[in-house]
Amino acid sequence: MSKNSKPAAQVPPYLETLNPEQQEAVLHSGSPLLILAGAGSGKTRVITTKIAYLIRDRGMDPRSILAVTFTNKAAREMADRARIIEPRAGDAMLRTFHSFGAWFLRRNGSVLGLNPSFVIYDDDDTVSLLATLMGDSSRAEVKHTAHLIARAKDYFLNPDDPELDIIEHRSSFRKTYARYEERMLQIGNVDFGDLIKKPVEALRVSPELAQRFRDRFRVILVDEYQDSNVAQFELLKALCGPETYVCVVGDDDQSIYRFRGAEVRNILEFPDRFPGTEIVRLERNYRSTAPILDLASSVVDHNEGRLGKKLRSERGPGKTPTLAFLPDQDSEVAFCAELIGQSVSGKTSRYSDWAVLYRTNAQSLGFETEFLRRRIPYRVVGSLKFYEREEVKDALALLSFLVNPRDEVAFRRVVNKPARGVGAATVDRIVLEASAGMFAGDGGLGLSQDGLEGDLAAASRRVLSSLSAKAKAGLETFLSAVEGARTLLSGDGPGGEDDGGGSASDPESPKTKSKKGGKKKEAAPDLRGGVGLSACVVRLVQDAGIAEYHLAHDEIAGNQRIANLQELANAASLYPAGEEGLLEFLEHVELDRSMEQDEGVDDAVTLITLHNTKGLEFPRVIMTGLEQGVFPRDDKKGDDLEEERRLFYVGATRAMDELYITSCAQRRLFGRTQPTQPSLFLHEITPDAVRIIGSCPYGFTPTEQPPADRSSGMVPNRSGPINGQAKRSSDGRWQVGDRVFHDDYGYGAVTNIREGDDGPVIQVGFETGREVRFLSEFQSSRFMKIQADDF
DNA sequence: TAGTTTTAAGTTTTT
DNA sequence: CTTAAAACTA
C-alpha cells in the first residue's frame, strides 16, 4: 500500500505466483522493512525471491547482499532455493550469525589483537577453562558461571558494565568473568558469544572498518528475527549505515530461544529502533489444514503480550487432530509405532511423511529402540552425540593444539593421554612457565618477541631438562607427535610412508578394505588416511597414542571408537590440506554439528526435538509427552511458561495434514516411574478442536469414542512377538551366523568369533553396516540372540 | 599416580 | 537409569 502501488502490470513472471502481501514484501525498498510472517506463510520463499529480485531486476551486486539465519540448515536451504531462481545468488553472503561472526573475525579480528588462527571453544571447553580459574568450586558451580558468562555476552555486557547486575549481582562473578576474558585473550581463542560480541567491538573500535563493511553490504536480511539477542541487534546496528537497506523477518509467536538470550523485544521494538520502518504481514497459511491451525491458535491465544495476528488457512477443512491419553511412555512409543506402521502398510503414507516431536533429547531413546525392534526406519535430527564422544573430542583437541599451541584446554586434555607420566603437577608447571614467558622481563632469551608468548609447546621444551626421565620421555613423545603432524600439514613433507598414510596428494582413497587384523597385539590401529587433511588427522591421532588408547577400550566394550576416529578423519578429507583447511574444518565442526547422517535411508520417520523443528514441515506430526513437568517443565511460569506455549505452537504448526498429541498417565524419570498430570496446554485446547482417544484423566471429557475396530490395535500391550521368544539368550555357544538384536545397533548376525584374553570375542555385522565386537557373555539386557524366524 | 569402585547427581531447549 | 564426580586401592 505504498510506493509500489501497481505491481501486477510490471511484475516479472517469477513473482506472479506470489500473493499480494508477498509481492509487496519482495518489491519493497527505500525504508527498513519488518515482515511479520506467520507459520507456513511462505516466509523463506519471500526472502529467497527477494534476493533473486534484487540481483536480477534491481541490478544489485550479489556480493553486497548479506542474509543471516540462525541455523545452518536454514542457511543452506535459503542458498539452495535462491540459486534456483537466480544462479548469481550463490555469490551473496548467506550465513548463520555465528558463522558470519567467525568469518569476520578471521579477517578483521586483528584490530582487537586477535590472531586469525583462533579456535572456537564450545561450552565444554569454556567450562574446562573456567574450572582452572575457579579452583575449589564444584562442577555445578562452574557450569552455572559459564552459563552466566555466555548470557552476559548475549546481552553485550562486559565485566565492568553496571548493567551486569541484571545477569548476576555478586561481585565475585564480575571478577571471575574478567579473569575468564583475560585468560581467553591470552590463549587467543573465542567462545560462541565472542563470535557476535567481538565483531561489534571491532566495528566500534575502527571506524574505517565499519565504513568498509557499510560500503560492502548494501542489503542486510535477517531471518527468524524474533530469536535474535541483544548482541546480535548491536551487530546489525553496527553494520548498518544510513544507506543500508535492512529487512528483518520473524514471528513473535515463534520466539523460543529466550533461555539463551533471545530478546523478543528486538522484533517488538524494531520500528522504534529503525525509524521509518514499514511493516508487511503475511497471514495466509499454506501449510496446515484449518483444524490444525485452530488447535494451535487456541493454545497460543492464552499468551499475553503478543503483536497479535490472525493466521488463515488457505487449505480449508481437514482431519480433526487426535489427542491420545496413554498409560505410560512404553504405550506412547508403541502407539506411535503402531500408528505409523499401520498407515504405511495401508499405503496411506510413507515413513518420511511422519515426524515424532518431543521436548528433550533424552526422550528419543525409547522411540529409537522400539523403532529398531519393529524395523521402522528413522532419522534422529540434531543429536550431536558424535562430537561429544570422548575419542572425537580428544582428536579435535590435538588438532586445536596443532593450530594454536597456546590452547591450554586442549593441551591439558591430551598431553597425558594415554598416561605417559606427565601428571597434573608437571602440566601446571608448563602452564606457569608459558605464562611466565609472556611477562618475563628477563632479556636473557628474548622470549616474548617471536610469538612464543604462552606457547605451551615451547614452554614444554624449556622445562624438559628438569623433569624426571619418565615425564621427559612422555612429553617428548607428545611433542614430536604434534611436530610431525605440523610438518605434514604445512610442508606436505615426505612424512613416514609406513602405514598407508599416503602422500597428501593421493587422488582417491583406496577402497581396499581388509579385515581388521585381530589376533596380533600390534599397537597401530588400522586407520586409513585418505586425502589431504585426513592423512594429517590420522597421523596425529596415531602418533599421539590416542588411537591406541581407544582401541583398547573397543576390545572390551564393543565400542565404535576407532570407527568414530576414522569417521572424523573421513570428514576432514573434504577439506584441503594445510593450516587453512584445518581451520576451516575445525570451524565447521564447532559451528555445524548437524551430521548429515543420511546414510542411504531416504524414507524414514523423523525423530526431533520441538526446538529443532523450526522451519520444517511434515504431512503428519505426533507431539509426544504432553504432561506437566515434561512439557511444560514444571517450574515454568510467567514469561517462561509463555515461551513453552509458543513451543507448542511451533510444534503443532509443523503439521500439514494430520496432527496427533500424546499424554501419559505416568512416566519414568531418573529410572523411577511417577504419576503425571496432563499438560496445562491440553486444557487450553478448545474442546471440539480435538478428538480424544484412550482413558481420559479427570477433567477431560471424551468428545468421541475411538472406532471399535482400531482401538484395540492402537494401544497394544508391551509384549511383542520378538520380546517373547528372544529371552533365552545366553544358553549355548555362539556360532557364526547367529542372529542377534542389540538395543543400540538393531538387527545383525555374527560374522566372526575368536578367543580373546578375557573369553570369546564375537564380531557382529549389523544391518546398518556397522561391525561391532563384543566380549564374552555380556550385557544380555541390551544384546540378545534371536531365532531365525524372528529375524 | 593410575585405574578402579562407590556415590551422587541430573534432563531442557542450541549456535 | 545413565553419567559424572569423589573416594579408594594396588
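The values are calculated or read from the model by the stated rules, or taken from the named source; none is laboratory data. Since we're looking at a predicted model, the values are computed, not measured. Virtual Cβ from ideal backbone geometry, glycine too; neighbours counted across all protein chains shown. Surface areas here come from the heavy atoms of the whole protein model, side chains and all, with no ligands, DNA or RNA. Shrake-Rupley method; radii C 1.70, N 1.55, O 1.52, S 1.80 Å.
Structure above, values below:
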| read-out | value |
| --- | --- |
| Accessible area, probe 1.4 Å, largest first, for residues A:TYR378, A:TYR245 | A:TYR378, A:TYR245 |
| Fraction of accessible area attributable to carbon and sulfur, region A:119-187 (%, probe 1.4 Å) | 50 percent |
| Local net charge near A:LEU659, Cβ-Cβ under 14 Å (Lys/Arg +1, Asp/Glu -1) | +1 |
| Net charge of neighbours whose Cβ lies under 12 Å from the Cβ of A:ARG214, counting Lys and Arg as +1 and Asp and Glu as -1 | +1 |
| Accessible area (Å², 1.4 Å probe, nearest 10) - A:PHE371 | 0 Å² |
| Contact order relative to length of region A:119-187, as percent, for alpha carbon pairs under 8 angstrom and 6 or more apart | 30 percent |
| Prolate/oblate/rounded label for region A:166-223 (Cα gyration tensor, a/c 1.5) | prolate |
| Inter-site label distance for A:ALA749 and A:ALA469 at 7 Å from Cα along Cβ, in nm | 5.5 nm |
| Rounded accessible area of A:ASP91 (nearest 10 Å², 1.4 Å probe) | 90 Å² |
| Solvent exposure, largest accessible area first (probe 1.4 Å, DNA, RNA and ligands not counted), of A:SER465, A:SER110, A:SER534 | A:SER465, A:SER110, A:SER534 |
| Neighbourhood charge, 15 Å Cβ-Cβ cut-off, centred on A:ALA79 and excluding it, Lys, Arg +1 and Asp, Glu -1 | +3 |
| Modelled FRET efficiency - R0 25 Å, A:ILE85 with A:GLU283, Cβ distances, 0.05 increments | 0.55 |
| Accessible area of A:GLU617 in the full protein assembly, 1.4 Å probe (Å², nearest 10) | 90 Å² |
| Among A:222-228, A:567-573, A:605-611, A:394-400, the order from most to least packed when residues are scored by Cβ within 10 Å on average | A:222-228, A:394-400, A:605-611, A:567-573 |
| List A:LYS175, A:LYS472, ordered by accessible area with a 1.4 Å probe, largest first | A:LYS175, A:LYS472 |
